[in-house]
């Protein structure tokens, strides 16, 4: 398992220990590898913010991914 998967898995386990209900991730739309990783871990696309972040003189879209632990537990 790569370090990215290990870190995300550890973070989600900690969130469960803390009884968090939701986790939100903000990811640049062009970051396809990270989007795939979060989707594999059960995150869903909740929204997209077009052109909200200026980086390198270019406005970037940000995708909001969310994971609801309550609904995830119900689906298992």
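Things to note:
- Residue within region 41-48 that is in contact with a strand residue (DSSP E or B) (Cβ under 8 Å, 6 or more places away or on another chain) and touching a residue at least 40 places away in the same chain (Cβ under 8 Å) present: no
- Subset of region 1-38 [surrounded by 10 or more Cβ atoms within 10 Å (Cβ to Cβ) and under 14 Å from residue 68 (Cβ atoms)]: 12, 15, 16, 20, 21, 22, 23, 24, 25, 38
- The lone exception for residue 50 - which of (1) modelled with pLDDT of 95 or more; (2) touching a helix residue (DSSP H, G or I) at 6+ places or on another chain (Cβ under 8 Å) it fails: (2)
The values are calculated or read from the model by the stated rules, or taken from the named source; none is laboratory data. Fair warning: this is a prediction, and the values are worked out from it, not measured in the lab. Note that each Cβ is placed from the backbone with ideal geometry, even for glycine, and that neighbours are counted across all protein chains shown.
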